[in-house]
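The values are calculated or read from the model by the stated rules, or taken from the named source; none is laboratory data. Please read these numbers as outputs of a predicted model, since none were measured by experiment. Here Cβ is always computed from backbone atoms with ideal geometry, including for glycine, and neighbour counts include all displayed protein chains.
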Amino acid sequence: MITANPQQDSFTKEGGEVVIDAQQHGALLPNIDPTLFQTPLVPDFSKITTSTHRPRFLLLYGSVRERSYSRLLVMEAARLLEAMGGTVRIFDPHGLPLPDSEPETHPKVAELRELASWSEGMVWCSPERHGAMSGILKAQIDWIPLSQGAIRPTQGKALAVMEVSGGSQSFNAVNQMRVLGRWMRMLTIPNQSSVAKAWQEFDDAGRMKPSAYYERVVDVMEELFKFTLLTRDIAPFLTDRYSERRETAAELSKRMNQARL
């Protein structure tokens with residue numbers, strides 16, 4: 001709770017709570033609309049309900065080769081997430097058009113966007129090509145909008161990134177995907193997976209062989225599962241922003257004024 005205390009400085013701490021001098025509030029923050037300004041408090045989290053359904057995950061991979069190692073790695077990740085109790089969907093990028101080359105109503109685009117909105121956590125896995133993530137993976141992200149009306153399909157959702165390489169271990173692709181995840185307003189987990197010489201790490205049936213690389217994938221999926229459970233219900237609260245509340249209020253006022261014309 002924020003309380004006024006004119007006997008003290010404008011910003012002090014009493015018992016761990018912020019104390020603001022109400023009389024000086026306007027002078028200290030002249031650019032702030034006080035009706036939309038909020039101070040987050042620990043008790044706010046107790047008001048958030050807890051979901052009981054199985055966490056939902058969307059997995060994307062970045063190669064359409066017949067023996068795609070990014071797809072094989074994603075399939076291993078899917079098995080792990082399902083074993084932990086998650087519901088998993090893997091998007092097949094075959095037939096997805098290049099960004100902006102087809103309308104948004106294209107069936108593959110509509111499928112991808114529906115899955116992005118449905119999911120509560122994501123896994124992105126790309127091969128490293130010429131020191132970067134693949135264009136196939138990037139195209140999938142480019143088709144997912146930051147917003148669809150009032151809905152932000154990726155904002156506040158947990159994300160895990162993985163890559164496969166044909167040679168020595170590298171982190172160029174996962175580093176790029178981290179930047180992209182931030183741009184999509186996602187919560188990228190600390191852990192990640194980079195599988196070097198991926199052609200050696202899978203058997204003829206496409207299953208990953210026992211190794212430190214495999215155990216890292218287990219670690220990453222376990223961490224993603226925990227972060228998804230932790231954040232899926234509080235994401236709307238964590239991403240509630242002053243600027244967007246102000247914008248929404250301004251748009252509402254504009255519509256109301258137009259209705260009176």
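A few notes on this one:
- Search result, residues across the range 54-111 that are polar (S, T, N, Q) and either under 19 Å from A173 (Cα atoms) or touching a residue at least 40 places away in the same chain (Cβ under 8 Å) (or both): S63, S68, S70
- Only one entry of S51, S46 meets the criterion of being modelled with pLDDT under 95 and in contact with an Asp or Glu (Cβ under 6 Å, 6 or more places away or on another chain), and that entry is S51.
- Top-ranked residue in the range 163-191 [being aliphatic (A, V, I, L, M) and within 29 Å of F237 (Cβ to Cβ); ranked as farthest from the chain's Cα centre (by Cα)]: V174
- Residue under evaluation H106, criteria (1) closer than 30 Å to M208 by Cβ; (2) surrounded by 14 or more Cβ atoms within 10 Å (Cβ to Cβ); (3) modelled with pLDDT of 95 or more, criterion not met: (1)
- Among (1) within 18 Å of A196 (Cβ to Cβ); (2) surrounded by 14 or more Cβ atoms within 10 Å (Cβ to Cβ), the one test that G167 misses: (2)
- For the range 116-128, the set of residues classified as in contact with a Pro (Cβ under 9 Å, 6 or more places away or on another chain) and buried (at least 20 other Cβ atoms within 10 Å of the Cβ) consists of A116, S119, E120, G121, listed by residue number.
- Members of the range 174-207 found to be touching a residue at least 60 places away in the same chain (Cβ under 8 Å), assigned to a helix (DSSP H, G or I) and surrounded by 20 or more Cβ atoms within 10 Å (Cβ to Cβ), listed by number: A198
- For the range 209-255, the candidate set comprises residues that are in contact with a Phe, Trp or Tyr (Cβ under 8 Å, 6 or more places away or on another chain) and either at positive phi or at pLDDT 95 or above (or both); within that set, the residue that is surrounded by the most Cβ atoms within 10 Å (Cβ to Cβ) is L224.
- Some residue of the range 134-144 being within 17 Å of the chain's Cα centre (by Cα), closer than 17 Å to V217 by Cα and among the β-branched types (V, I, T): no
- Residue among L96, L72, L81, L112 that alone is over 19 Å from Y213 (Cα atoms) and in a helix (DSSP H, G or I): L112
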